[in-house]
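If you scroll down you'll find the structure; I have some questions about it.
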Amino acid sequence: MAGPTPFKIDVPQQKLDKILARVRGYIWHEMPDIAEGGDRWAYGTDMAYLKELCAYWTDGYDWRTRETELNRYPHFMAKLDDLDIHFIHVKGSGAAPATLLLTHGWPGSFFEFYDVIERLAHPEQFGGNAEDGVNLVIPSLPGYAFSSKPGKPVGPRYTATLWDRLMREALGYDSYIAQGGDWGSLVTGWLGYNHSPAKGGGCKAIHLNMMGLRPAVFPETDEEKKWAEESALTFEMEGAYFRLHATKPQTLSYGMMDSPVGAAGWIIEKFNSWSDKRASGKPDSIENAYSKDQLLTNLMLYLVTGSFNTATWFYRGFMEEGGAMAPGTRVEVPTAVANFPREFISWSPRSMVEKGYNIVQWTDFEHGGHFAAMETKGVFAGDVAAFVRQVRG
């Protein structure tokens, strides 16, 4: 296998100009009337906010500044199964740093982790101990951002196999710890399940901020049954996007690949719905969790790479490959659970999780949601670092 090659983000100006022209030329329509004080996101993306975001997008947002920021960490490409996998690789402080693999999900990107890279790799810059620094590997899922677009949908189980090869064959890390949320939680779960040292892989421990890979068990206690009922209701209210992505993603692609504003409406609504928007003394607002620059940079990674379509294929890939543990089995490597209160796919009671995972750390937080690294920064990094110290060996 050829070694990884350096990569630099450099989007042609013509592509940027076309995106902005489409945003400026968007023909706005209507949305339902909302009573004063009502939830303007109740029917989907609030048009008033989207107009405000688009105005900033065309007149205030500077991709070149954000591109420079993205390039301040070393990017690489590695060839795996005829796919060019994009990833960031940052060496940590200390004499013998542990290695941590961070995996994003949808509608996020590798950019989700930018505010925790320095905290994890170089904790001495934040009052910590340099010996706690970790090497970081942060890939883009197949079909996302700068990674290759697969010829057909692939899912998290296959991606876990790629990631284990990336870590051990391409980068030479015989042992590593994995972390993930959203699709990253399933990829990470499969790493712990199928690619542990006991099974010939390199993943020795996992940290999850969403319950992804599920054990083949049924709720038994009253608490577990209540959780199952509430989760089913949540999925009924929030799962329409999932059903579409997992069944007919190509149909959705024709509108979303054509319209930057359409893609913004589809993606920004999830950042609003799935995040902890509370702030002391302020009304709930998406901008209590993220700046416009953060929202647009993540969105632009879908647009400048033309990857909205193939990113949604991951859902169909998940459906085609299957997504549960075999009955009577579980993830045996040490596992940490980071339970954030506004995670829309809530964790089941610990009694149920422990049937599928070897839980050695469980943390309940007071603030934070689905995009935990972006939302909580040092809080997320601190929990991950504590787990790394516990399991690094």
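Just so it is clear, none of the values below were taken in a lab; they were calculated from the coordinates. What you see is a predicted model; the values in this text were computed from it and never measured. Neighbour counts run over all protein chains shown; Cβ positions are idealised from the backbone, glycine included.
Count charges around Ala246 for me, please; just the other residues with Cβ under 13 Å from its Cβ, Lys/Arg as +1, Asp/Glu as -1. List each step's numbers first, then the result.
On the way: positive: Arg243, Lys248, Arg316; negative: Glu320, Glu321.
Net local charge, Ala246 excluded: +1.
Provide Rg and Dmax in Å for the range 242-304, with only Cα atoms included in the calculation.
Every Cα atom of the range 242-304 included, Rg and Dmax give 13.8, 44 Å.
Considering only C-alpha atoms, what is the centroid distance from the range 250-280 to the range 305-324, in Å?
If we compute the Cα centre of each part, the gap is 17 Å.
Let me ask another. Residue by residue, what Karplus-based ³J(HN,Hα) values in Hz, rounded to whole numbers, does the range 81-91 have, using 6.51, -1.76 and 1.60 with θ = phi - 60° and x for Gly and Pro?
6, 6, 10, 8, 9, 7, 7, 9, 9, 10, 7
First select every other residue whose beta carbon is under 14 angstrom from the beta carbon of Val360; then total the charges, Lys and Arg +1, Asp and Glu -1. Display every interim value, and only then the final one.
Working: positive: Lys204, Arg330, Arg350, Arg389, Arg392; negative: Glu332, Glu354, Asp383.
Taking every Cβ under 14 Å from that of Val360, the sum is +2.
Let me ask another. Using the 10 angstrom Cβ neighbour count as an exposure proxy, how do Ile19, Ile34 rank, fewest first? Kindly include the intermediate steps, with their values, before the conclusion.
Values: Ile19 20, Ile34 14.
Fewest-to-most ranking of Ile19, Ile34: Ile34, Ile19.
Let me ask another. Where Rh denotes the Kirkwood radius from the mean inverse Cα pair distance, what is Rg over Rh for the chain? Before the final figure, lay out the partial values.
Details: Rg = 20.4 Å, Rh = 21.5 Å.
A ratio of 0.95.
At a 10 Å Cβ-Cβ cut-off, how would you order Lys282, Lys225, Lys355, fewest neighbours first? Don't skip to the end; give the middle numbers.
Numbers: Lys282 10, Lys225 13, Lys355 18.
With the sparsest Cβ surroundings first, the list reads Lys282, Lys225, Lys355.
Which shape class, rounded, prolate or oblate, goes with the range 228-270 when its Cα gyration tensor gives a ≥ b ≥ c as root eigenvalues, a/c under 1.5 marks rounded, and past that a/b bigger than b/c marks prolate? Each step should come with its number before you reach the end.
Numbers: a/c = 5.42, a/b = 1.91, b/c = 2.84.
Taking the square roots of the gyration eigenvalues as a ≥ b ≥ c, the range 228-270 is oblate.
Taking H as built 1.01 Å from N, whose amide H comes closer than 5 Å to the amide H of Ala98, not counting residues under 5 places away?
Asn135
Identify which of Gly181, Gly25, Gly189 has the largest mean-square fluctuation in a Gaussian network model of the chain, with springs joining Cα atoms closer than 10 Å.
Residue with maximal mean-square fluctuation among Gly181, Gly25, Gly189: Gly25.
Tabulate in residue order the Karplus-calculated ³J(HN,Hα) for the range 266-277, using 6.51 cos²θ - 1.76 cosθ + 1.60 with θ = phi - 60°, rounded to whole Hz; enter x for Gly and Pro.
So the Karplus estimates, Gly and Pro as x, are 5, 7, 5, 4, 6, 5, 6, 6, 9, 10, 8, 9 Hz.
Calculated from DSSP H runs of 4 or more alone, at -39500 (n - 2.57) each and per residue, what is the 222 nm mean residue ellipticity of the chain, nearest 500? Please report the intermediate quantities before stating the final value.
Details: 15 runs with 156 residues, N = 393.
One gets -12000 deg cm²/dmol as the mean residue ellipticity at 222 nm.
Given q = 0.33 Å⁻¹, what are the Debye log10 I(q)/I(0) values for the range 60-100, with equal point scatterers placed on the Cα positions and solvent ignored?
With one equal scatterer per Cα and no solvent, log10 I(q)/I(0) is -1.04.
Taking the Cα centre of the range 23-71 as origin, sum charge times position over the Cβ atoms of Lys and Arg (+1) and Asp and Glu (-1), and report the length of that vector in debye to the nearest 20. Please report the intermediate quantities before stating the final value.
Working: 5 positive and 10 negative charges, 46 e Å.
Dipole size: approximately 220 debye.
Let me ask you something else. Rounded to the nearest 20 debye, what is the charge dipole size of the range 40-391 about its Cα centre when +1 sits on each Lys and Arg Cβ and -1 on each Asp and Glu Cβ?
On the way: 32 positive and 42 negative charges, 116 e Å.
Approximately 560 debye in magnitude.
Out of all DSSP beta bridges in the chain, what portion is antiparallel? Express it as a percent rounded to 5.
Values: 14 of 39 bridges.
If we restrict to bridges inside the chain, about 35 percent are antiparallel.
So how long is each side of the range 179-295 along the principal axes, counting just the alpha-carbon atoms, biggest first, in Å?
Sorted largest first, the three principal extents are 47, 37, 28 Å.
Can you tell which of Leu80, Gly155, Trp362 lies farthest toward the positive end of the dipole of the chain, using +1 and -1 charges on the Cβ of basic and acidic side chains (Lys, Arg; Asp, Glu)?
Going by the charge dipole, the pick is Leu80.
Something else: If the limit is 27 Å between Cα atoms, which of Lys292/Lys377; Lys204/Lys377; Lys248/Lys292 go over it? Provide the component values of the computation, followed by the final result.
Numbers: Lys292/Lys377 17 Å; Lys204/Lys377 24 Å; Lys248/Lys292 30 Å.
Pairs exceeding the cut-off: Lys248/Lys292.
If you don't mind, another one. Just to check I understand the Karplus step: with θ = phi - 60° and J = 6.51 cos²θ - 1.76 cosθ + 1.60, what whole-Hz values come out for the range 336-344, glycine and proline as x?
10, 10, 10, 9, 8, x, 9, 5, 6
Okay, moving on. Within 10 Å of each residue's Cβ, count the other Cβ atoms and sort Glu36, Glu236, Glu52 from fewest upward.
Values: Glu36 4, Glu236 9, Glu52 13.
Placing the least packed residue first, the sequence is Glu36, Glu236, Glu52.
Going toward the positive end of the dipole of the chain, with +1 on Lys and Arg Cβ and -1 on Asp and Glu Cβ, which of Ala205, Tyr176, Ala35 do you reach last?
Value: Tyr176.
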